[in-house]
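Some notes on the structure that comes next.
The values are calculated or read from the model by the stated rules, or taken from the named source; none is laboratory data. Here the structure is a predicted model, which means the values were calculated and not measured. Positions of Cβ are backbone-derived with ideal geometry, glycine not excepted, and every protein chain shown enters the neighbour counts.
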Amino acid sequence: MHIVVCTKHTPDSEAKMSVDASGKVSWGGSPLIINPWDEYAVEEALRLREAHGGKVTVISMGPPEAVEALKHAIAMGCDEAIRIWEDACVDSDTLATSYVLAKAIEKMGDVDLVLFGKSAIDSQTWQVGVAVARRLGLPALMYVIKIAALDPVQRTITVERLLEEGRQVVSAPLPAVVGTTKGINEPRYTSFMGIRKAARMEYPVWSLAQIGAEANKVGVAGSGVRWPHIFMPPVREGEAEIIQGETVEATVSLLVDKLLAEKVI
Ligand SMILES: Cc1cc2nc3c(=O)[nH]c(=O)nc-3n(C[C@H](O)[C@H](O)[C@H](O)COP(=O)(O)OP(=O)(O)OC[C@H]3O[C@@H](n4cnc5c(N)ncnc54)[C@H](O)[C@@H]3O)c2cc1C
């Protein structure tokens with residue numbers, strides 16, 4: 001089994017976002033981490049490798065900082081990591097991002113399963129996984145809460161998808177693309193040995209030419225979305241008052257008087 005996990009580096013979830021007058025977005029000095037939702041995809045890939053053998057390759061299209069996400073995945077136990085980047089990739093939207101990832105997966109050739117997290121915590125479009133599946137002509141099994149069965153010989157996978165109304169059981173032939181959701185597993189911590197391996201490893205960078213991608217299909221040239229104006233939402237104005245009576249009954253009575261006075265009730 002060759003399993004590929006796609007991952008993106010994101011700011012820490014505690015990061016404070018700001019936008020300057022020119023529309024430049026900043027996450028302050030926030031450390032860059034693996035997209036937290038992708039840890040579920042990495043964990044699932046490692047469990048499948050433990051059950052069926054093979055290897056797990058983690059890939060990311062991103063600038064040099066993206067190596068932080070790859071390092072984390074290696075420290076968790078992935079076997080190989082590849083970054084795909086050229087300056088032409090700057091400002092890629094999901095259309096262009098999925099093109100680059102699909103080309104890289106195509107180049108690998110022997111891939112049985114491609115795993116994604118449910119979304120990226122910063123841009124959060126939820127589009128990249130399905131777009132990669134569409135580009136590769138593979139089944140897209142998204143919002144997967146459980147991989148119920150995987151048969152590498154019959155080359156089938158059966159999953160449970162999380163829907164608002166319940167769960168849906170779906171089977172598909174391999175190779176397939178699976179988007180994982182929170183709750184599919186409990187991601188493992190990075191191990192000491194894993195951290196050492198991640199620190200010593202070489203992280204090859206594939207160029208567009210190496211994956212057979214055309215430069216006019218990446219970055220701004222290959223993107224359908226333009227961001228003409230980026231701004232922070234207006235700060236919410238409001239005030240809070242703590243109502244405190246001598247007793248619970250008195251507090252409730254004070255609250256009711258206030259709500260009546262404000263014509264809320
Ligand atoms: C510096 C910067 C500039 C940007 N400029 C533009 C712009 O000009 N126009 C525009 O439309 N968008 C822009 N974006 C946003 C960009 O479109 C998205 O970050 C990107 O396409 C991925 O979409 P998403 O984050 O919504 O991922 P989702 O679709 O929510 O993520 C789904 C899954 O795909 C994985 N994934 C996402 N991206 C990658 C990747 N690069 N490599 C591997 N796996 C990945 C995620 O980790 C997750 O597992 C910019 C982003 C950055 C960081």
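Values computed for the structure shown
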item: Flag for Gln124 being closer than 24 Å to Arg49 by Cβ, without any contact (Cβ under 8 Å) to a residue 40 or more places away in the chain, of a type in the set (S, T, N, Q) and surrounded by fewer than 14 Cβ atoms within 10 Å (Cβ to Cβ); result: no
item: Hits in the range 228-265 (condition: loosely packed, with under 10 Cβ neighbours inside 10 Å and in a helix (DSSP H, G or I)); result: Val248, Glu249, Ala261
item: Residue in the range 187-197 that is in contact with a His (Cβ under 6 Å, 6 or more places away or on another chain), under 29 Å from Lys118 (Cα atoms) and not charged (D, E, K, R) present; result: no
item: Test: residue in the range 217-224 that is closer than 22 Å to Gly23 by Cβ and either in contact with a Lys or Arg (Cβ under 6 Å, 6 or more places away or on another chain) or surrounded by fewer than 12 Cβ atoms within 10 Å (Cβ to Cβ) (or both); result: yes
item: Near pairs, Cβ below 6 angstrom, 6+ apart or cross-chain, from the range 195-223 (without any contact (Cβ under 8 Å) to a residue 12 or more places away in the chain and closer than 18 Å to Ile34 by Cβ) to any residue that is aromatic (Phe, Trp, Tyr) and in a loop (DSSP other than H, G, I, E, B); result: none
item: Selected residue (only one of Glu186, Glu239 is under 25 Å from the mean Cα position of the chain (by Cα), more than 19 Å from Val128 (Cα to Cα) and acidic (Asp, Glu)); result: Glu186
item: Strands (runs of 3 or more DSSP E) within the range 120-210 that include 1 or more residues of a type outside the set (A, V, I, L, M), within 21 Å of Cys78 (Cα to Cα) and modelled with pLDDT of 95 or more; result: 140-151, 176-180
item: Filtered residues of the range 154-169 (kept if on the phi > 0 side of the Ramachandran plot and either within 22 Å of the chain's Cα centre (by Cα) or surrounded by fewer than 10 Cβ atoms within 10 Å (Cβ to Cβ) (or both)); result: Gly166
item: Within the range 93-121, tally of residues that are crowded, with 21+ Cβ neighbours inside 10 Å, hydroxyl-bearing (Ser, Thr, Tyr) and more than 18 Å from Pro11 (Cβ to Cβ); result: 2
item: Test: residue in the range 230-242 that is out of contact with any Cys (no Cβ under 9 Å at 6 or more places or on another chain), within 30 Å of Glu80 (Cα to Cα) and within 16 Å of the ligand (Cβ to nearest atom); result: no
item: Hey, Val111 under 23 Å from Glu65 (Cα atoms) and in contact (Cβ under 8 Å) with a residue 60 or more places away in the chain or not; result: no
item: Any helices (runs of 4 or more DSSP H) falling wholly within the range 4-111 and containing at least 1 residues that are in contact with a His (Cβ under 6 Å, 6 or more places away or on another chain), within 14 Å of the ligand (Cβ to nearest atom) and at pLDDT 95 or above; result: 67-76
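Rundown of residues vs (1) among the acidic types (Asp, Glu); (2) in contact with a helix residue (DSSP H, G or I) (Cβ under 9 Å, 6 or more places away or on another chain); (3) without any contact (Cβ under 8 Å) to a residue 12 or more places away in the chain, yes/no style:
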position	(1), (2), (3)
Val25	no, no, no
Val42	no, yes, no
Leu46	no, yes, no
Lys55	no, yes, no
Val67	no, no, no
Ala75	no, yes, no
Glu80	yes, yes, no
Cys89	no, yes, no
Ala120	no, yes, no
